[in-house]
Amino acid sequence: MKFEDVSLSAAFDCWISQICHGYNIPYNISDELLWEVMREGEWQYGQGYVYPNRIDYSKVGIGLFMSEYLNVFNSVRNNPNNPLRFTLYSAHDTTIMPVLNALGAWDQIWPTFASFIVSEYYDGPGNPVRILYNGKPIKLPDCQYQEFCPFDTFTRIVSNVIPTADTCKASNEVIHLPLSNFS
């Protein structure tokens, strides 16, 4: 394999795995270079989550999962006798970031190794929902940065990123960009 065949994201992912498992990174990679590459990789990877904007990316990037996620809440809320009280999803950092982004809560920092999200539904006035990221409450912007988000507001947040039939309609428009923009 040639050096130019290695992507920044692949190097980033490899080095993170090595660090998290207690292995040394290559001897010729200084700490300064390592963190510079990691910051750049984090930025490059994160740009995909915000282009063309957070909502549109989320619809096509994580929207179907967010629909399932909301259905679990609705199932418990709408059926008090529902035996479902706990649901577990296992995922990688590259799923945690889009979920946080879909909720409007991603701080554009790569999740640490073994990161997790806990989503809680409470009976009571407004049927609040609380989201914890690595054990700490997330204060969603659409919920006035409160720890507990009213269920109706939470539903609106998640519903905004669920794709519709129109979401994936292809356009016949062809965009021609001059190659001089890429040199």
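Some points to look at:
- Residues located in the range 31-60, provided they are closer than 20 Å to D13 by Cα and small (G, A, S): G41, G46, G48
- The range 116-139, residues that are under 26 Å from W35 (Cβ atoms) and out of contact with any strand residue (DSSP E or B) (no Cβ under 7 Å at 6 or more places or on another chain): F116, N134, G135, K136
- All of (1) closer than 18 Å to R54 by Cβ; (2) without any contact (Cβ under 8 Å) to a residue 24 or more places away in the chain hold for E120 with one exception: (1).
- Scanning the range 126-135 for residues that are more than 17 Å from the chain's Cα centre (by Cα) and part of a loop (DSSP other than H, G, I, E, B) turns up G126, N127, P128.
A quick yes/no check of all residues on (1) closer than 17 Å to E147 by Cα; (2) surrounded by fewer than 16 Cβ atoms within 10 Å (Cβ to Cβ):
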| residue | (1), (2) |
| --- | --- |
| L33 | no, yes |
| P52 | no, yes |
| I55 | no, yes |
| S58 | no, no |
| M97 | no, no |
| A114 | no, yes |
| R130 | yes, no |
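- If you filter the range 89-125 down to residues that are charged (D, E, K, R) and not in a loop (DSSP other than H, G, I, E, B), you find that the one that is modelled with the lowest pLDDT is D93.
- Applying the condition of being of a type outside the set (A, V, I, L, M) and either part of a loop (DSSP other than H, G, I, E, B) or touching a residue at least 24 places away in the same chain (Cβ under 8 Å) (or both) to the range 136-148 and asking which residue is surrounded by the most Cβ atoms within 10 Å (Cβ to Cβ) yields F148.
The values are calculated or read from the model by the stated rules, or taken from the named source; none is laboratory data. These numbers were taken from a predicted model, which means no experiment stands behind them. For neighbour counting, all protein chains shown are included, and Cβ atoms are generated from backbone atoms with ideal geometry for every residue, glycine included.
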